[in-house]
């Protein structure tokens, strides 16, 4: 893989909590324009890894490079400005605003006018067209005037993706985007992720093997904080170490997903 093709790289990334190593010597390379999935049994270190990448946690040792630039010591806001956006960071945090208003706030943040809430409502209407385009992209245009708290669960996740897109991410981090969903919502959100991945890179933590097998280009399997296996789904799903790590519970899913 050419270095130019790598958007995100970690070198010997390690995080220890009082003698417990949550992430151990992880060397991750995410290819530009790909969908890259992090999977692994519970407690494998996936969320800690995400927290390190978005600087919610500081690594004990190791480094993180984005577009070849060392961002290891940068603050979460600096990371976001560089174009690394994690879905929950700006999820629908305003449940009593409409769907459109939530996306509009995401757009304001990307314009740097986030704190100008005292501006007249009229100055925000310029953002409405772009907000509607984003809602259209995620299949929510008919819900524009719905108060967010009243949205069905699966649609809330679509709204999260729309507000993430409003920040114009170069790299989108999706933390279990289909968690807690029924089949219909899972299919819709999977299709949505495939759509929005065009022209950007997605790194996702996901438990659902059907989702991973259908959209991920590369899969990294973590176990006890370390990389166990990596590659396309077809290779990883046949790896005996991966099957053993999942102790048969996901083995059937791994085999049955395709």
Taking the alpha-carbon centre of each part, the distance from the range 1-74 to the range 211-239 in Å is 16
Ordered by fewest other Cβ atoms within 10 Å, a rough proxy for footprinting exposure, 156, 75, 18, 198 read 18, 198, 75, 156
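Sort 155, 129 so that the residue with the fewest other Cβ atoms within 10 Å of its own Cβ comes first and the one with the most comes last. Write down the numbers at each step before the final one.
Numbers: 155 20, 129 8.
The fewest-first ordering by Cβ neighbours comes to 129, 155.
Please state the relative contact order of the chain as a whole percent: Cα pairs under 8 Å, 6+ residues apart? Display every interim value, and only then the final one.
Numbers: 461 pairs, mean separation 66.5, N = 258.
Relative contact order, the chain: 26 percent.
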Once the piece of chain linking residue 217 and residue 145 is laid out straight, how much longer is it, given 0.36 nm per residue of separation minus the C-alpha distance between them?
22.3 nm
From the coordinates shown, Cα Rg over 2.2 N^0.38 Å corresponds to which of (i) 1.03; (ii) 1.34; (iii) 0.94
(i)
Using only the Cα atoms of the range 37-103, build the gyration tensor, take square roots of its eigenvalues as a ≥ b ≥ c, and label the shape rounded, prolate or oblate: rounded if a/c is under 1.5, else prolate if a/b is larger than b/c, else oblate.
oblate
Taking a crude spin-label model, label points 7 Å out from Cα along the C-beta direction, the residue 224 to residue 195 distance in nm is 4.3
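Read-outs throughout are calculated quantities, based only on the coordinates presented, and are distinct from any laboratory measurement. Predicted model, so just to flag it, every value in this text is computed and none were measured. Glycine gets a Cβ as well: all are built from the backbone with ideal geometry, and neighbour counts include every protein chain shown.
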